[in-house]
Amino acid sequence: MNKNELIAELADKCEMTKAQAAECIDAFCSIVSKSMAKGEEIRLVGFGTFTTVHRKATEGRNPRTGAVIKIAAANKPKFKPGKALSEMVNKSSKRKAA
C-alpha cells in the first residue's frame, strides 16, 4: 500500500475527504518525526513503539577496493511492533501459507 492508497482507505474508513485524510497523515508523520528527532519515544499500545537508537562509529570495508572506511556514529529510527500487531500479521501470514 502506498501513501495515496492509505489516504483513500483512511478517508473511506473515517468518512472524510481525501484532502482531510492526507492532512491527518501528514500531521501524524510530522509529529512522529519531530518527536523522534528530539529523542522522544512514541508508544501506541497494541500497534507499536517508535524510538531512536544510537549506533556507534565503526570501521567497514569498501567491497570493491577492500579499503578500510570509517562509518560515523548516527541516531537511527526504530519501530518495534506491538503484540496485537504482531499477532495480526502472523495470523494473516498463516492463512496465506495454508
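Bear in mind that the values in this text are calculations on the coordinates, not laboratory data. This is a predicted model, so every value here is computed, not measured. Glycine also receives a Cβ, built like all others from the backbone with ideal geometry; neighbour counts cover every protein chain displayed.
Taking first residues from segment 44-61 that are under 26 Å from V32 (Cβ atoms) and free of Cβ contacts under 8 Å to residues at least 24 places away in the same chain and partners that are surrounded by fewer than 11 Cβ atoms within 10 Å (Cβ to Cβ) and among the basic types (K, R), the Cβ contacts under 6 Å between residues at least 6 apart in sequence or on separate chains come to R55/K76. Looking across segment 15-28, the residues that are in a helix (DSSP H, G or I) and either in contact with a strand residue (DSSP E or B) (Cβ under 9 Å, 6 or more places away or on another chain) or surrounded by 11 or more Cβ atoms within 10 Å (Cβ to Cβ) (or both) come down to K18, Q20, A21, A22, E23, C24, I25, D26, F28. Taking segment 33-84 only, how many residues are aliphatic (A, V, I, L, M), in a strand (DSSP E or B) and surrounded by 10 or more Cβ atoms within 10 Å (Cβ to Cβ)? Of the residues in segment 33-84, 5 are aliphatic (A, V, I, L, M), in a strand (DSSP E or B) and surrounded by 10 or more Cβ atoms within 10 Å (Cβ to Cβ). For G48, the stated conditions do not hold, so it cannot be described as over 15 Å from the mean Cα position of the chain (by Cα), on the phi > 0 side of the Ramachandran plot and not aromatic (F, W, Y).
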